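Participant: Sharing a structure here in structure tokens format.
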Amino acid sequence: MQRQYLYIIMCSICLVLTGCDYIAEDERLIYEKPEPAQRVVLLEDFTGQRCSNCPTATAVIEQLHEAYGEALVAVGIHGGPLAFAGNAKVVGLKTDIGDEYYNHWKLDHQPVGLIDRTGSVDYDLWATRVKEELTKPAPLRLEGTAVLAGEEVSIHLKADTDGTVTGKLQVWLLEDGIQTLQLMPDGTANQTYTHNHVLRTTVNGTWGEDCIVKEAETSEWTMSQALEPDWNREQLSIVAFVYNDSGVQQTVKIKVEH
């Protein structure tokens, strides 16, 4: 009797084994493309504290933020002839990097903006151009974290795509809520004007670093940025974007966490 039971069990095992087709390891997982990412538009606002029309341009940005929320990332770049370097009494927001960008793009007035780096645009056309840019597909997904660790920000970014995207990854550090001088449209000087999304520094160089994001792969980057003593730790954020000769491919803005 025991032999009969053993025979039945062995036959059952053989049926199970022979009934399963062998699948090669590299054929067991089938890659499925994820849902398309939402495009996030980058608006580089070339501004200055001595620019009386710049607050009007800032009002346009605020309206666009109300309309599109996180789908629009604005960066205030203080450079060019109307930017203010500051003095012993008044805080200035002009930076060398702002001057370099202003000159590189051959800009000749302020305020003026770059929208996804597809050419300079005056502020009265920003709404139209942002709307147009948002209709374009986003060729990659970009996300990350930024955490305050002592006197520096630790940054981790990752990206993936449905194809292959080649270009440069640029990472900036911004500060909101800076109250200092601004020349107003009526010619007065507002000493407590609130400046938001102000470019403080680049994290990975003036023009970023080369990157390739490939389909079915996740590209990751880790970097850090030391902070200046006068930067408000509660008002910092990171902006990262991938760009190439076709313009900005995708952007993300990340609040610095504590």
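Laboratory data are not the source of any read-out in this text; all were calculated from the coordinates shown. As the structure is a prediction and not an experimental result, all values here were calculated from the model. Here the Cβ is made from the backbone with ideal geometry for all residues, glycine too, and neighbour counts use every protein chain on show.
Participant: Please list, in order along the stretch 114-121, the HN-Hα scalar couplings obtained from phi with the Karplus expression 6.51 cos²θ - 1.76 cosθ + 1.60 (θ = phi - 60°), rounded to whole Hz, x for Gly and Pro.
Facilitator: Once rounded to whole Hz, the list reads 10, 10, 6, 6, 10, x, 6, 9.
Participant: A follow-up question, please. Please give the net charge around Gly80, taking every other residue with its beta carbon less than 13 angstrom from that of Gly80, where Lys and Arg add +1 and Asp and Glu add -1.
Facilitator: Taking every Cβ under 13 Å from that of Gly80, the sum is -3.
Participant: With an 8 Å Cα cut-off and a minimum separation of 6 or more residues, compute the relative contact order for the stretch 62-194 in percent.
Facilitator: Working: 123 pairs, mean separation 18.5, N = 133.
Reported relative contact order: 14 percent.
Participant: Order the peptides 44-57, 167-180 from the highest to the lowest mean number of other Cβ atoms within 10 Å of their residues.
Facilitator: On the way: 44-57: 22.6, 167-180: 19.5.
With the highest mean Cβ count within 10 Å placed first, the list reads 44-57, 167-180.
Participant: Additional query: Under the rule of -39500 (n - 2.57) per DSSP H run of 4 or more residues, summed and divided by the residues of the chain, what mean residue ellipticity at 222 nm is obtained, to the nearest 500 deg cm²/dmol?
Facilitator: Calculated at 222 nm, the ellipticity per residue is -6000 deg cm²/dmol.
Participant: Sequence gap at least 6, Cα distance under 8 Å: using those rules, report the relative contact order of the chain to the nearest whole percent. Working shown, then result.
Facilitator: Values: 517 pairs, mean separation 55.5, N = 258.
Relative contact order comes out at 22 percent.
Participant: A follow-up question, please. Between Rg and the Kirkwood Rh of the stretch 99-191, both from Cα atoms, what is the Rg to Rh ratio? The partial results should precede the final answer.
Facilitator: Working: Rg = 17.9 Å, Rh = 17.4 Å.
The Rg/Rh ratio comes out at 1.03.
Participant: Around Gly247, what is the net charge, scoring Lys/Arg as +1 and Asp/Glu as -1 over all other residues with Cβ under 15 Å from its Cβ? Write down the numbers at each step before the final one.
Facilitator: Details: positive: Arg39, Arg117, Arg129, Lys136, Lys168; negative: Glu44, Asp116, Glu132, Glu133, Asp245.
So the environment of Gly247 carries a net charge of 0.
Participant: Next question, about the same structure. 5 Å is the cut-off here: which amide hydrogens, built 1.01 Å from N in the peptide plane, fall below it relative to Thr95, excluding neighbours closer than 5 in sequence?
Facilitator: His78
Participant: Given the convex hull over the Cα atoms of the chain, what projected area results after averaging over all orientations, in nm²? Please list the in-between numbers first.
Facilitator: Numbers: hull surface 82.3 nm².
Mean shadow area of the hull around the Cα atoms is 20.6 nm².
Participant: Search the structure for amide H atoms under 5 Å from the amide H of Ala37, placed 1.01 Å from N in the peptide plane, and list their residues when 5 or more places away or on another chain.
Facilitator: Amide H to amide H, under 5 Å and 5 or more residues apart or across chains, Ala37 pairs with Ala138.
Participant: Would you tally the net charge around Pro229, using a Cβ to Cβ cut-off of less than 15 Å, leaving Pro229 out, and scoring K and R as +1, D and E as -1?
Facilitator: Once positives and negatives cancel, what remains is -4.
Participant: Please list 93-106, 65-78, 213-226 highest first by mean number of surrounding beta-carbon atoms within 10 Å per residue.
Facilitator: The densest-packed peptide leads the list: 65-78, 93-106, 213-226.
Participant: Just how large is the dipole of the stretch 41-255 about the Cα centre, in debye to the nearest 20, putting +1 at every Lys and Arg Cβ and -1 at every Asp and Glu Cβ? Intermediate results must be reported in sequence, preceding the final value.
Facilitator: Details: 16 positive and 31 negative charges, 51 e Å.
Taking the Cα centre of the stretch 41-255 as origin, the dipole is about 240 debye.
Participant: With point charges of +1 on the Cβ of Lys and Arg and -1 on the Cβ of Asp and Glu, referenced to the Cα centre of the stretch 41-255, which listed residue (Thr251, Thr135, Pro229) lies farthest in the positive direction of the dipole?
Facilitator: It is Pro229.
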